[in-house]
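Asker: Below: one structure in structure tokens.
The values are calculated or read from the model by the stated rules, or taken from the named source; none is laboratory data. In this text, all values refer to a predicted model and were calculated from it rather than measured experimentally. Cβ placement follows ideal geometry from the backbone for every residue including glycine, while neighbour counts extend to all protein chains displayed.
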Amino acid sequence: MAKTVAPEDRVKGSWLFAYALPGLPIAALGLPLAVYLPNFYAVEVGLGYAVAGSVFLLTRVLDIFLDPIMGVVSDRVRTPWGRRRIWMVLSVPLMVTASVMLFMPAHGTTWDTTARALVLMFVAWTMLTISHLAWGGELSSDYHERSRVTASREAAYIIGMFTVLLLPYLIQTQGGDKFAQIAAFGWYVIITLPIGVAVAVWVIKERDLPPSPHISLAVAFGAIANNKPLRYVLFCDLIAGLSGGMVATLFLAMTTVGLQLGKQASLLLLIYFAMGVLFIPPMLWVSRRLGKHRTLSVSSIINFLLIPCIFLLPKGEFLPAAGLWTLFGLNMAVGPFLFRAIMADVADHDHAETGQARAGVYFAMLALTNKLGYSVAIGLSFWTLALIGFQEKAPNTPEVVGAMMLLYIVPASLVSLIVGLVMWRFPLDEKKQRELRRVIDERGVAGSAIGASTGLDLEGTKDEEAAEAMGSAVPRPAE
């Protein structure tokens, strides 16, 4: 049974609200980047599937390299505003500029102009999201309280996506074209981002962590390489990103051509995200009883069973599809918020090994694997559509439609099964995480990575001695 949260680890409701608020514009960027923009630039702007897929893939690859850099910078650079908040503030003008460029293009915009807009967007996106994720991992050191923090952020993400999905639906009913619908996404970001970041940095005070002791790169990278729980999380997040990217990229094609529900596509997503928001509290309750990794595992197995049911849906009938997407929505929030809550615990494993608080690096690796999966998925999906000759605005043969549906359903279902089986055996549970926190707290994290048990100060210790002392003095948790 879960233990009572210590007062110093309990996050105030006002802090949860303020911390979650930037999730609204983050969602307003994330959803269009995955679902709407690739298809919009391929079809409406006129780049074509192959060119659009290449541009979005290659710029995402650059974004992947930015994540670890931002993680290290966010951990190491200390300012009067702390380590995390300053980067969130600096991201605002960059992201506003990129939103104008990316969401308000002219017809016939060239691939190089699109690429420049995406690069600027991803630079700002990385500054904002890596700092935001790492900051959330440091708001509490309690196993279950971290789920509460990430759940609040995920609720804001889903509310943001829900709100953003209303925009094209409302504009469409008023006769607005695709360009007007996409521009609405940009205006949503331009308005909500400065407000959300301002409230967060004003209301919440960062924890004042002392400078970390010096360790060699060999010790630092060795701790990452030997972090067994990290390998579980990164592998599952990578393949989940690949699956999620394919599903997001192909969603409009699947609903419009495969299910013949083009006019109801946005409504299906609204149902999906609405159910996701409503069921975050029950999923938090479940995770407190099963544990975070077991809840994630069960959720993935349920997805494995549900996704193939798309094959059974009758074409052109909205109600059966709405019922199935309602079931998808009950389960949709589990993976995103639990992966992030679990990564905060994995960062504790590293902290206990090295004496360094490196949440930024660890959340950067989580963002890296997810983005890598999404990037490959976008390119792979669009290249495959081009290869099979799929056309959203032209007739397709039954064989082509069937191939597109298989591409949407089969990988996502198999990935869910793999994630469920792998995470069931995840080696870091509540008991082991509390032991990690005991090691970290007793050591004090104050100028020594070894603490009173050895009397060594790493600032004045050779790298070889530091590595040997670390290996002998610090327990190896979660093995």
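Asker: How many residues does the stretch 35-50 contain that are more than 25 Å from the chain's Cα centre (by Cα) and farther than 18 Å from V376 by Cα?
Answerer: Going through the stretch 35-50 one residue at a time, the tally reaches 5.
Asker: Residues L387, L380, L406: which one is within 28 Å of F122 (Cα to Cα) and not polar (S, T, N, Q)?
Answerer: Being within 28 Å of F122 (Cα to Cα) and not polar (S, T, N, Q) holds for just one of L387, L380, L406, which is L380.
Asker: I'm trying to understand the selection: among the residues of the stretch 418-432, which are at pLDDT 90 or above, buried (at least 16 other Cβ atoms within 10 Å of the Cβ) and not in a loop (DSSP other than H, G, I, E, B)?
Answerer: Correct list: I418, V419, G420, V422, M423.
Asker: Out of all the residues in the stretch 40-54, is one or more more than 19 Å from T249 (Cα to Cα) and not in a loop (DSSP other than H, G, I, E, B)?
Answerer: No, the stretch 40-54 has no match at all.
Asker: Just one of (1) surrounded by fewer than 22 Cβ atoms within 10 Å (Cβ to Cβ); (2) within 30 Å of D429 (Cβ to Cβ); (3) out of contact with any Gly (no Cβ under 9 Å at 6 or more places or on another chain) trips up L94, so point out which.
Answerer: (2)
Asker: Would you be able to say whether some residue in the stretch 291-306 is under 23 Å from P229 (Cα atoms), surrounded by fewer than 14 Cβ atoms within 10 Å (Cβ to Cβ), of a type in the set (D, E, K, R) and over 18 Å from the mean Cα position of the chain (by Cα)?
Answerer: The answer is no; no qualifying residue exists.
Asker: Quick one: which residue in V77, V43, V61, V73 is without any contact (Cβ under 8 Å) to a residue 12 or more places away in the chain and surrounded by fewer than 22 Cβ atoms within 10 Å (Cβ to Cβ)?
Answerer: V77
Asker: Name the one entry in V45, V35, V51, V89 that is β-branched (V, I, T) and in contact with a His (Cβ under 7 Å, 6 or more places away or on another chain).
Answerer: After applying the criteria, what remains is V45.
Asker: Looking only at the stretch 336-370, how many residues end up being of a type in the set (D, E, K, R), crowded, with 24+ Cβ neighbours inside 10 Å and over 20 Å from L128 (Cα atoms)?
Answerer: 3
Asker: Of the residues that make up the stretch 151-159, is at least one free of Cβ contacts under 8 Å to residues at least 40 places away in the same chain and surrounded by fewer than 21 Cβ atoms within 10 Å (Cβ to Cβ)?
Answerer: There is no residue in the stretch 151-159 that is free of Cβ contacts under 8 Å to residues at least 40 places away in the same chain and surrounded by fewer than 21 Cβ atoms within 10 Å (Cβ to Cβ).
Asker: Pairs needed: first member in the stretch 305-334, more than 10 Å from L268 (Cβ to Cβ); second member anywhere, exposed (fewer than 13 other Cβ atoms within 10 Å of the Cβ); C-beta distance under 7 Å; at least 6 residues apart or different chains.
Answerer: Pairs that qualify, where the first residue is more than 10 Å from L268 (Cβ to Cβ) and the partner is exposed (fewer than 13 other Cβ atoms within 10 Å of the Cβ), are P320/P314.
Asker: Further question: Count, please, the residues in the stretch 348-404 that happen to be over 18 Å from the mean Cα position of the chain (by Cα), closer than 22 Å to A248 by Cα and among the hydroxyl-bearing types (S, T, Y).
Answerer: Final tally of qualifying residues: 2.
Asker: Additional query: Let me confirm something: among V277, V247, V298, which residue is out of contact with any Ser or Thr (no Cβ under 8 Å at 6 or more places or on another chain), in the same structural domain as R153 (by TED's automatic domain parsing), under 29 Å from V149 (Cα atoms) and modelled with pLDDT of 90 or more?
Answerer: V298
For (1) modelled with pLDDT of 90 or more; (2) crowded, with 17+ Cβ neighbours inside 10 Å, each residue gets a yes or a no:
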position	(1), (2)
G176	no, no
Q181	no, yes
I190	yes, yes
L242	no, yes
F251	no, yes
